[in-house]
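Below is one structure, written out as structure tokens, with a few remarks after it.
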Amino acid sequence: MKLISLLEKLEYTCLQGSTDQEVKNVIYDSRKVEEGSLFICTRGAVVDGHKFVPDVVAKGAKVLIVEEAVEAPEDVTVILVKDTRYAMAFISAAYFGYPAEKLKTIGITGTKGKTTTTYMVKSILENAGYKVGLIGTIEAIIGDKVIPAKNTTPESYVIQEYFHEMAEAGCDCVVMEVSSQGLMLHRTQGFVFDFGIFTNIEPDHIGPNEHASFEDYMHCKGLLFKQCRTGIVNFDDEHTAQVLEGNRCAVETYGLNEGAGLRAVNIQYVHEPGHISTEYDIAGEKLHIRLSLPGKFSVYNSLCAVAVTRHLDVDDEKLKESLLTVAVKGRVEPVRVSDKFILMIDYAHNAMSLKSILETLREYNPKRLVSVFGCGGNRSKLRRYEMGEVSGKLADFTIITSDNPRYEEPLDIIADIRSSIEKTGGEFIEIPDRKEAIRYAIENGREGDIIVLAGKGDEDYQEI
């Protein structure tokens, strides 16, 4: 392609060379540069791409996209932009032929619920006959191709590459998780989302290399609503108004409180032998929703999915079918092992999320609530004490085991957890081998128990 075509939606200054230059490919990893490449100098937390200019020029790069003046041979075109990450998003979109324009794009942001809601939307739309791509924390799905995820929201080049592949594979829609980091680093620039979704927000991802403050975190989440046509937001979240500040989209709401545009009422938590479900009605409509997932957060996630799919002509019966059968790997995922008790796998790996899942399952009035969990090694010890206290107080019985001990001695981690459970007076047993701990939980499951295997979620490995 001609360089000038790749730059058509950007403000830039040509420091040297010609915008008539032919470009063979677009590269942001210096190791992948070849003859005729356009190389984008991005600044990361550790590495600055501008330092690789001599190296990439030696490999044959003919165009450099930079944020500062650099020295380069006369036959290399140097383009100065304000922000190379922002530029990369638009250059990538142009390079792949603006594939987002061929898809209905749905972006979901929030502290919790992104993953589950993306799978719910995908399930509903596919049941209604759409072909749907997905980009998220667990994986990217393009037709029959499944790609394990490295980041919740990939680099802008990768997003545009996935969109291109989805359009080529005949997808009509794409639903994706949009992280605050992804928004802050302009990974989702270069196109406008048809729908931007906000699930909820609470303090998280605050610290070095993440967000300076909760206000900054909210601001970054809110960037989605300056980049979508329709915003669909959680009416009940106390920070929704702040997240929406400066939005440039039409806004719709969902929630449980009076005033929400789409509202869930008559919520019921049902516990049957070997099975739990959640049911509710949509206010003002003859629509009764049943989920095989527990708790109020599942009501919010599914209500959000309903609000999105309303825009895409989905039949009510197809909608109900999809929500009843949807399951997300490792996110309050029920695994049928017995008709006597219920076993669920969840990703809860800190005190806040463990508290949330245990309180949720307590609403189903189990005979016993059993918690199986461990804590990661070479991480904050505080998490061990906090999770031990939560499980000791909220579970009837805790099985302490391993969860990525890394370079620490598993028994030392277990001892730290035990010290805080003992203070609560909660019953517990220690089984360091996670596989044996799971076996024990199942073999000793009693009539009416709910057992939750917390921490690993969809992960099928241990770091030992």
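The values are calculated or read from the model by the stated rules, or taken from the named source; none is laboratory data. None of the values given here were measured: they were computed from a predicted structure. Please note: Cβ atoms are built from the backbone with ideal geometry, for glycine as well, and neighbour counts cover all protein chains shown. All accessible areas refer to the heavy atoms of the entire protein, side chains included, with ligands and DNA or RNA removed. Shrake-Rupley method; radii C 1.70, N 1.55, O 1.52, S 1.80 Å.
Assorted remarks:
- You can think of it this way: the chain between Lys9 and Glu409 has 138.6 nm of extra reach, that is 0.36 nm per residue less the Cα-Cα gap.
- Under the Debye formula (equal points on every Cα, no solvent term), log10 I(q)/I(0) of region 316-441 at q = 0.13 Å⁻¹: -0.54
- Nearby lysines by direct alpha-carbon distance to Lys24 (threshold 18 angstrom, same-chain neighbours under 8 apart not counted): Lys2, Lys32, Lys59, Lys62
- Acute angle (nearest 10 degrees) that the helix 84-95 long axis makes with the longest principal axis of the chain, alpha-carbon atoms: 80
- Spin-label zone in region 1-45 - amide nitrogen under 13 Å from a point set 7 Å from the Cα of Asn151 along the C-beta vector: 28-29, 42-45
- Selection from Leu134, Gly455, Gly196, by position along the positive dipole direction of the chain (Cβ): Gly455
- Under the criterion of Cα pairs below 8 Å and six or more residues apart, the relative contact order for region 287-411 equals 21 percent.
- Residues in region 68-84 that a label on Arg43 would reach, taking backbone N under 12 Å of a point 7 Å out along Cα→Cβ: 68-69, 82-84
- For log10 I(q)/I(0) by the Debye sum over Cα atoms at q = 0.09, 0.10 Å⁻¹, calculated from these coordinates, the label among (1) -0.76, -0.88; (2) -0.68, -0.82; (3) -0.60, -0.74: (2)
- Excluding same-chain neighbours fewer than eight residues apart, the lysines reachable from Lys340 by a Cα-Cα span under 17 Å are Lys367.
- Accessible surface for region 14-100, divided over its residues, is 46 Å² per residue with a 1.4 Å probe.
- Rg ratio (alpha-carbon, reference 2.2 N^0.38 Å) - region 284-353: 1.28
- 0 to 90° range, to nearest 10: angle between helix 114-127 axis and the chain longest Cα axis: 90
- Förster radius 41 Å - calculated FRET efficiency between Val337 and Val192 (Cβ-Cβ, nearest 0.05): 0.35
- Accessible area in square angstrom per residue, region 334-464, 1.4 angstrom probe: 48
- The loop-placed trypsin sites (Lys or Arg not before Pro) in region 254-348, going by DSSP, that have at most 14 neighbouring Cβ atoms within 10 Å of their Cβ come out as Lys286, Arg336, Lys340.
- Only one residue of Leu224, Leu411, Gly36 has its Cα farthest out toward the positive end of the dipole of the chain, where Lys and Arg carry +1 and Asp and Glu -1 on Cβ, and that residue is Leu411.
- Surface share of carbon and sulfur [accessible, 1.4 angstrom probe, percent] for region 258-333: 46
- Full extension of the chain between Asp433 and Leu324 yields a length gain of 35.8 nm, computed as 0.36 nm times the residue separation minus the alpha carbon distance.
- Taken over region 195-300, the convex hull of the Cα atoms encloses 128 Å³ per residue.
- Alpha-carbon spread of region 1-71, three principal axes, descending order, Å: 31, 24, 20
- Per-residue SASA entry for Val132, accessible area with 1.4 Å probe, Å² rounded to 10: 10
- Toward the positive end of the charge dipole of region 1-91, with +1 on the Cβ of Lys and Arg and -1 on the Cβ of Asp and Glu, the farthest Cα among Ala61, Val26, Val81 is that of Val26.
- Cα-based helix-to-principal-axis angle, 296-309 vs the chain, degrees rounded to 10: 40
- The shape of region 1-146 can be summarised by an equivalent ellipsoid whose semi-axes, obtained from the alpha carbon gyration tensor, come to 35, 17, 14 Å from longest to shortest.
- For region 387-447, the convex hull drawn through the C-alpha positions has a volume of 74 cubic angstrom per residue.
- 25 Å Cα-Cα threshold exceeded, pairs from Lys51/Lys114; Lys131/Lys355; Lys329/Lys435; Lys9/Lys150; Lys112/Lys329: Lys51/Lys114; Lys131/Lys355; Lys9/Lys150
- Distance (nanometres) between label positions extended 7 Å along Cα→Cβ at Lys82 and Glu68: 1.9
- Against the rule of thumb 2.2 N^0.38 Å, how large the Cα Rg of region 117-229 comes out: 1.08
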